[in-house]
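What follows is a short report on a single structure.
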Ligand code: FAD
């Protein structure tokens, strides 16, 4: 596997073990069928508990069954999962960074005890409801409301593009609390079997097909007050979760690019035209050289980001730069790899075109490429462009 700058020689034993465990899991359990899952638009749900058993959901958290591994180990895990398919990494990102993280950071003791071990083991599935039909890049304008009624809240609204909502047991729903004058955004744990909750599946996606996506409809859904995440108010709640998930994406996208590179390199040394492997032609070597360089630069960025996160110096803007760069890199390189495979490149027998289609989603979710550009623009100039 491409590690041109020898970054893996700095890994500690635990990081190596997690990387190998994820690689073996992917190779034995997912890789053989992922192309078919992608074509069928299905996710291998039977593997959800197995992924939990192996510690793939938020292993960087501490306590409640999570081993508190290093941020590099967590990043490597995301990289290995996305080397298989962005849908597989999305499963782990949502469950870990978008559901377990907010419960861990902002939940009550009872909420942590009820949900963290079950989610960590993959016995329960969670989803994260922020995006609404009319509010994607600007979630601050959300319309979903929670109205206090005695010791309950009544939720009304709709969320869309929610990864795993049709198979989730619990949704972290972000809504405006109308009982306070300034209607702050608050997080609510909504069990999906409550009256008034619907989770329709979104079909016919042409990207991230091996991932289940749906809506969350909330019609007079009553949840006890004890289902509110008590320790956070305002957009800091959802945005801090997104920082965690985007961190994983900055690593994960490298996996997709690396898999494209390895596939193209192997193909270029096997496939002969004009009596010689196509990898002997300078045009093809230029493509491989550029791909390897771009992947190596993205790896450097990810490793530096892990160091900053580990010592508490990582800012959301650092994550924006890394997500923006690494996903764009993967999106561009997947296309070059696809091209190197000629006609075979457009089939599901090879991974690059599947990665290429998936990366359209990765480029769009967790803050579009444009939005991360504006976040960086604001950080660099002090002037906000997106108001
Ligand atoms: P819009 O916000 O309408 O943007 C449309 C275009 O306008 C984009 O190109 C955007 O960059 C551009 N644009 C917007 N504002 C500006 C501006 N100020 N300046 C310049 N350009 C701008 N959401 C969840 O809450 N939970 C999930 O689990 C989840 N999973 C997803 C899974 C999939 C497969 C997909 C596709 C999306 C998922 N999302 C999820 C939603 C995702 O986060 C949103 O799609 C994303 O935030 C963009 O919002 P939008 O689609 O409404 O696009």
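Just check segment 236-381 against the gyration tensor rule for me: Cα atoms, a ≥ b ≥ c as the square roots of the eigenvalues, rounded for a/c under 1.5, and otherwise prolate or oblate depending on whether a/b exceeds b/c. Since a/c reaches 1.5 and a/b is larger than b/c, the shape of segment 236-381 is classed as prolate.
Summarising the label geometry, the points placed 7 Å from Cα in the beta-carbon direction at residue 381 and residue 123 lie 5.3 nm from one another. Cβ-to-Cβ counts within 10 Å put 232, 327 in ascending order as 232, 327, the fewest first. With contacts defined as alpha carbon pairs under 8 Å and 6 or more residues apart, what's the relative contact order of segment 136-177 in percent? Relative contact order comes out at 47 percent. Computed extension gain for residue 296 through residue 141, at 0.36 nm per residue and net of the alpha carbon distance, reaches 51.9 nm.
Only DSSP H runs of four or more residues enter the estimate; each adds -39500 (n - 2.57), and after division by the residues of the chain the mean residue ellipticity at 222 nm equals -15500 deg cm²/dmol. If you sort the three axes of the alpha carbon gyration tensor as a ≥ b ≥ c, you get a/c of 1.5 or more for segment 1-100 and a/b no higher than b/c, which makes it oblate. Look at 211, 108 and count the other Cβ atoms within 10 Å of each Cβ; fewest to most, that gives 108, 211. Annotation: the residues 212, 346, sorted from fewest to most other C-beta atoms within 10 Å of their own C-beta, follow the order 346, 212. Among 289, 168, 105, the residue with the largest mean-square fluctuation in a Gaussian network model of the chain, with springs joining Cα atoms closer than 10 Å, is 289.
A Gaussian network model of the chain, with springs between Cα atoms under 10 Å, assigns the largest mean-square fluctuation among 239, 76, 17 to 17.
For segment 149-293, just say rounded, prolate or oblate: build the C-alpha gyration tensor, square-root its eigenvalues into a ≥ b ≥ c, call rounded for a/c under 1.5, and beyond that prolate if a/b exceeds b/c, oblate if not.
Verdict is prolate for segment 149-293.
Dividing the mean sequence gap of close Cα pairs (under 8 Å, 6+ apart) by how many residues segment 127-227 holds gives a relative contact order of 32 percent. Simple spin-label estimate for residue 195 and residue 369 gives 4.8 nm between the two label positions (7 Å along the Cα-to-Cβ direction from each Cα). Normalised by 2.2 N^0.38 Å, where N counts its residues, the alpha-carbon radius of gyration of the chain equals 0.99.
Note on segment 127-227: Cα-only Rg and Dmax are 13.4, 45 Å.
Note on residue 276 and residue 108: the extension gain reaches 54.0 nm, defined as 0.36 nm multiplied by sequence separation minus the Cα-Cα distance. The mean sequence distance of close C-alpha pairs (under 8 Å, at least 6 residues apart), as a share of the length of the chain, puts its relative contact order at 18 percent.
Each reported figure results from applying straightforward, stated rules to the coordinates on display, with no laboratory input. Note that the structure is a prediction, hence the values are computed from the model and not measured. Cβ sites come from the backbone with ideal geometry, for glycine too, and all protein chains shown count toward neighbours.
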